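Visitor: After the C-alpha cells below, expect a handful of questions from me.
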Amino acid sequence: MTSGEPLSLGLPQMPVRPVAERRVSRRIQVGPVAVGGGAPVSVQSMTTTRTSDIGATLQQIAELTASGCQIVRVACPTQDDADALATIARKSQIPVIADIHFQPKYVFAAIDAGCAAVRVNPGNIKKFDDQVKQIARAACDAGTPIRIGVNAGSLDRRLLEKHGKATAEALVESALWEASLFEEHGFRDLKISVKHNDPVVMINAYRQLAAACDYPLHLGVTEAGPEFQGTIKSAVAFGALLSEGIGDTIRVSLSAPPAQEVKVGIQILESLGLRQRSLEIVSCPSCGRAQVDVYKLADEVTAGLQGMEVPLRVAVMGCVVNGPGEAREADLGVASGNGKGQIFVKGEVVRTVPESKIVETLIDEATRIAEQMEKDGVASGTPDVTVG
C-alpha cells in the first residue's frame, strides 16, 4: 500500500472502561458544569493573580480555559477582591468559584456577585458556625452551591486538640460537622474536600468521607510541592481514589503555572479512562538495543504534532523487539533500526523511509489522518503526550 491510496481509518476506540464504577453521589451545578451524580470528572485550577487586578485575572482565566480547565477558583482576601468578583464572574468563559477565608462577609459578597460557587474554609473563618443559617439562606436564594473545604493546615483547633494532629479522622469529622450545620437549615447543595499534603492521609480521609455521605467530592493534595514532586503525589492519590470510583472534580496543586496543573489533571483522567484520549505519543524508554536516538525522535515528533487535537495514538519505537508490535497497534507508528524506519498506519506498513525522513513522514501521515478524522466528525479533545 502506498501513501497515495485511500485507507479506511474507521472510528477510534473509545476509552477503556474505567477500572471501577463511579461512587453514587448527589449532583450539583457549578454554573453550566455538573459535578457529581455521574457527571464526568471535571478539572479545576486557581488563579495566581490578585483578584482585584481584573484584567490580569481574566487573562489568566482565558489561558486556563484554553488549556482545558473547566472551573476556576479565585482568591478573595480583601474588599478590593470582593468588589472585582462581579466583573470577573460575568466575563469569565468558565465558572468562577470564590475562595473565602477569615472574613464571612466575603461569602455573601461572592454570592451577590454571581459567582458560580463559593468555597469556605470553616477552620479559619471566625464564628463561621454561627452564620451558617444566613449563608445557607443566601446561597439557596441565589442557587449558589457551597464547597466545604477542610485543610490539614487550617483545621479547627478543637479538632486538633481532640485528635492530636490533622488525621484523616479529624478532617472527615470537621467536614461532616459543617455539612450537618447546613443540613439543619435544609441546604444540601454542597461539595466537600478534605485535603492533606500527605497522599496516604488524604486517600484515607476521602475513603472515609465517601463511605459516610453522598455529597460530591473535590479531590486535592494540598501543597503538593514543586512540579515534579507535586505531579507524582497527585497522580498517586488521585489514581488510587478515582480507580475506586471516588472523586467528582479535581484540582492538582503545584508550585508551577496554573495551566500545568490542568495539563496534569487531564492526563490523570485520560490515563484512567475517565476522559476521551486525545493525541498520545507512545515511545520506548530506550535501551542498548536501540539503533536510533529515541529521545530525540520522540521530542521532535511531539513538537511537530503540537496542537493536534484528534484522538490519535502515535508510536515512536527504536528497536526490533517491541517496535513492530507497538507500531502496528497504534493508529500511526514507526519501528526504527538499521538507519531506516517502517511506517505503520492502522497496522499496515505503508512505506519504509531513511532515518532522516522519519519525523517528516510521521508528521505528514498524522496530518493526513487527522484531517480525515475531522471530516468523519470524530470528536477532538485536549492534546496530551505520554511517554511510556
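The values are calculated or read from the model by the stated rules, or taken from the named source; none is laboratory data. Computed from a prediction, not measured in an experiment: that's the story for all the values here. Backbone-built Cβ (ideal geometry, glycine too); neighbour counts: all protein chains shown. Each accessible area value is taken on the protein alone, full model and side chains, heavy atoms only, with ligands, DNA and RNA left out. Shrake-Rupley method; radii C 1.70, N 1.55, O 1.52, S 1.80 Å.
Visitor: Determine which member of the set Arg17, Arg119 is at pLDDT 95 or above and within 30 Å of Ala212 (Cα to Cα).
Guide: Arg119
Visitor: If you don't mind, there's one more thing I want to ask. (1) open to solvent by less than 10 Å² (accessible area, probe 1.4 Å); (2) within 27 Å of Arg50 (Cα to Cα); (3) of a type outside the set (Phe, Trp, Tyr); (4) in contact with a helix residue (DSSP H, G or I) (Cβ under 7 Å, 6 or more places away or on another chain): which one isn't true of Ala170, the others all being true?
Guide: (2)
Visitor: Scan the range 263-271 and give yes if some residue there is within 29 Å of Val221 (Cα to Cα), of a type in the set (Gly, Ala, Ser) and open to solvent by 40 Å² or more (accessible area, probe 1.4 Å), otherwise no.
Guide: Yes - at least one qualifying residue is present in the range 263-271.
Visitor: Residues of the range 185-208 being among the hydrophobic types (A, V, I, L, M, F, W, C), part of a strand (DSSP E or B) and either open to solvent by 10 Å² or more (accessible area, probe 1.4 Å) or touching a Cys at 6+ places or on another chain (Cβ under 8 Å) (or both), which ones?
Guide: Scanning the range 185-208 gives a single hit, Ile192.
Visitor: Mind checking which residues of the range 52-89 are among the polar types (S, T, N, Q) and closer than 16 Å to Lys263 by Cα?
Guide: Gln60, Thr65, Ser67, Gln70
Visitor: Whether any residue in the range 317-325 is free of Cβ contacts under 8 Å to residues at least 24 places away in the same chain, more than 15 Å from Glu300 (Cβ to Cβ) and either buried (at least 17 other Cβ atoms within 10 Å of the Cβ) or in contact with a Pro (Cβ under 6 Å, 6 or more places away or on another chain) (or both) is what I want to check.
Guide: Yes, the range 317-325 has at least one match.
Visitor: So in the range 136-153, with the set limited to residues that are open to solvent by 30 Å² or more (accessible area, probe 1.4 Å) and on the phi < 0 side of the Ramachandran plot, which one is modelled with the lowest pLDDT?
Guide: Gly153
Visitor: If you take the residues of the range 55-93 that are crowded, with 19+ Cβ neighbours inside 10 Å and β-branched (Val, Ile, Thr), which of them is farthest from the chain's Cα centre (by Cα)?
Guide: Ile88
Visitor: Please go through the range 209-224 and pick out each residue that is over 19 Å from Ser154 (Cβ atoms), in contact (Cβ under 8 Å) with a residue 12 or more places away in the chain and assigned to a helix (DSSP H, G or I).
Guide: Of everything in the range 209-224, those that are over 19 Å from Ser154 (Cβ atoms), in contact (Cβ under 8 Å) with a residue 12 or more places away in the chain and assigned to a helix (DSSP H, G or I) turn out to be Ala210, Ala212.
Visitor: Would you check which residues across the range 280-296 are within 28 Å of the chain's Cα centre (by Cα) and modelled with pLDDT of 80 or more and list them?
Guide: Glu280, Ile281, Val282, Ser283, Tyr295 - these are the residues of the range 280-296 that are within 28 Å of the chain's Cα centre (by Cα) and modelled with pLDDT of 80 or more.
Visitor: Moving on to the next point. Out of everything in the range 190-208 that is free of Cβ contacts under 8 Å to residues at least 40 places away in the same chain and of a type in the set (A, V, I, L, M), what residue ends up being nearest to Leu171 (Cα to Cα)?
Guide: Applying the filter and picking the extreme gives Ala205.
Visitor: I'd like the full set of residues that are modelled with pLDDT of 95 or more, in contact with a Leu (Cβ under 7 Å, 6 or more places away or on another chain) and either aromatic (Phe, Trp, Tyr) or surrounded by fewer than 24 Cβ atoms within 10 Å (Cβ to Cβ) (or both), limited to the range 209-229.
Guide: Leu209, Ala210, Ala212, Cys213, Tyr215
Visitor: If you don't mind, another one. Which numbered condition in (1) touching a Ser or Thr at 6+ places or on another chain (Cβ under 9 Å); (2) at pLDDT below 90; (3) surrounded by fewer than 16 Cβ atoms within 10 Å (Cβ to Cβ) is the only one that Val385 fails?
Guide: (3) is the only condition that Val385 fails.
Visitor: Could you run through the range 200-220 and say how many residues are of a type in the set (Val, Ile, Thr) and under 22 Å from Arg27 (Cβ atoms)?
Guide: Residues meeting the conditions: 0.
Visitor: If you don't mind, another one. Go through the range 331-367 and report how many residues are out of contact with any helix residue (DSSP H, G or I) (no Cβ under 9 Å at 6 or more places or on another chain), under 18 Å from Glu300 (Cα atoms) and not acidic (Asp, Glu).
Guide: So the answer is 5.
Visitor: Take the residues in the range 230-251 that are part of a loop (DSSP other than H, G, I, E, B) and touching a Leu at 6+ places or on another chain (Cβ under 9 Å), then tell me which one is surrounded by the fewest Cβ atoms within 10 Å (Cβ to Cβ).
Guide: If we take residues in the range 230-251 being part of a loop (DSSP other than H, G, I, E, B) and touching a Leu at 6+ places or on another chain (Cβ under 9 Å), then Ser243 is surrounded by the fewest Cβ atoms within 10 Å (Cβ to Cβ).
Visitor: Sort out which residues of the range 68-118 are acidic (Asp, Glu) and out of contact with any Ser or Thr (no Cβ under 8 Å at 6 or more places or on another chain), and write them in order of number.
Guide: Asp99, Asp112
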